[in-house]
2 protein chains.
Amino acid sequence: MSFWKTWFSTPEAVATKSNSLEEVNDYATGNRNPGSERIIFSTERDIDLYELEELCDAVGWSRRPLRKVKKAIEHSFLVASMWQVRGNHRRLIGFARATSDHAFNATIWDVVVHPDFQGKGLGKALMKFVLKKLRSEEISNVTLFADPHVVDFYRGIGFMSDPEGIKGMFWYPH
Amino acid sequence: MSFWKTWFSTPEAVATKSNSLEEVNDYATGNRNPGSERIIFSTERDIDLYELEELCDAVGWSRRPLRKVKKAIEHSFLVASMWQVRGNHRRLIGFARATSDHAFNATIWDVVVHPDFQGKGLGKALMKFVLKKLRSEEISNVTLFADPHVVDFYRGIGFMSDPEGIKGMFWYPH
């Protein structure tokens, strides 16, 4: 348990500024004044759909009808967003959501970090936030479907592929 | 499309009696009177939790707190059950449920068919019912996590494992 305690010891919805994240911020902006910028996490659902679309565009995802994105957000169990805050301005730099039965299982979808903020530990920070939230709801089985190039990323934060031979499977209408 | 049209042409919530299912029933019961028994499918959520537990016991699943099972059923997008009906009596012989964002994705959980009714095409019939229901809600991406011994079963009804290298991954609290 101590491993997870360490992971989840940051104050709720706000990443601590006293560890590597602060360095990350400095690195990202070239700003050497530690007080000028921070990264925050939120579970609010009232996300500007155009801002979210812009974020998804930035990583090259296919566009989806905003009507359906809105519905999906409304019916997700958890909606997690990551923001860069500078003064009064905040910018959406990461997003993830999860469906769930509110009891046993949750499945994480649409994990995205803006390319300008990748490679700095922020994807990991976002996923820690998501896992912390799911854990606080007593969800014991968290799943996702990972594209080949991010399988190692998820392994690094404790996800296992095909445990005991269990296979993730897909069905699409033909 | 014609392939799926064929699959999904049975009347809603009731499997046709004019095909292999009827033979299946005869085989299962030894009853040679075709009118005496039928298999029906339902999406009603008002399932007797003890009857469901009995079904899950029959396939050797670990028991789960009924309070949590109740919550999971309440918060599932789709609850599908399969019943053997003889006269006024009906017996729960199969179950499945799905979580969903009501827009893009659904994930199927807890697929179970009573051992007395396995190997007769009823698991396939139950899954067809589930897929038909999900399709009618415009869900385009249906997923599940299959134990090794049922991977071929799901392949047989059109599920793919690891398409384009996408891996199903799991995280459990340590």
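Neighbouring Cβ atoms from other chains, within 10 Å of the Cβ of residues in A:136-144, number 4 on average. Packing, as the average of other Cβ atoms within 10 Å across residues, places the peptides A:123-130, B:46-53 in the order A:123-130, B:46-53, highest first. Between this copy and the others, label points of A:Ile157 are 3.2 nm apart in ascending order, each placed 7 angstrom from Cα in the Cβ direction. Neighbouring Cβ atoms from other chains, within 10 Å of the Cβ of residues in A:147-159, number 3 on average. Using a 1.4 Å probe over protein heavy atoms, the accessible area lost on pairing B with A, summed over both chains, comes to approximately 5200 Å².
Looking down the axis that turns chain A into chain B, the chain A residue with its beta carbon nearest that axis, and the gap rounded to whole angstrom, comes out as A:Gly168, 1. With θ taken as phi - 60° and the Karplus curve 6.51 cos²θ - 1.76 cosθ + 1.60 applied, the whole-hertz 3J(HN,Hα) list for the range A:60-66 is x, 6, 5, 5, 10, x, 4 Hz, x standing for glycine and proline. For the pair the range B:81-145 / the range A:154-174, the C-alpha centres are spaced 21 Å from each other.
When Cβ neighbours within 10 Å are restricted to other protein chains, what is their mean count per residue of peptide B:107-115?
On the way: counts 10, 2, 6, 3, 0, 0, 0, 0, 0.
Taking all residues of B:107-115 together, the mean is 2.
Here A:Gly87 yields copy-to-copy label distances, from shortest upward, of 8.2 nm, the label point defined as 7 Å from Cα along Cα to C-beta. Here B:Glu137 yields copy-to-copy label distances, from shortest upward, of 1.6 nm, the label point defined as 7 Å from Cα along Cα to C-beta.
The values are calculated or read from the model by the stated rules, or taken from the named source; none is laboratory data. The structure displayed is predicted, hence computed values, not measured ones. No Cβ is skipped: glycine too gets one built from the backbone with ideal geometry, and neighbour counts run over all protein chains shown. Remember, those area values only see protein heavy atoms, side chains included, never the ligands or the DNA or RNA. Shrake-Rupley method; radii C 1.70, N 1.55, O 1.52, S 1.80 Å.
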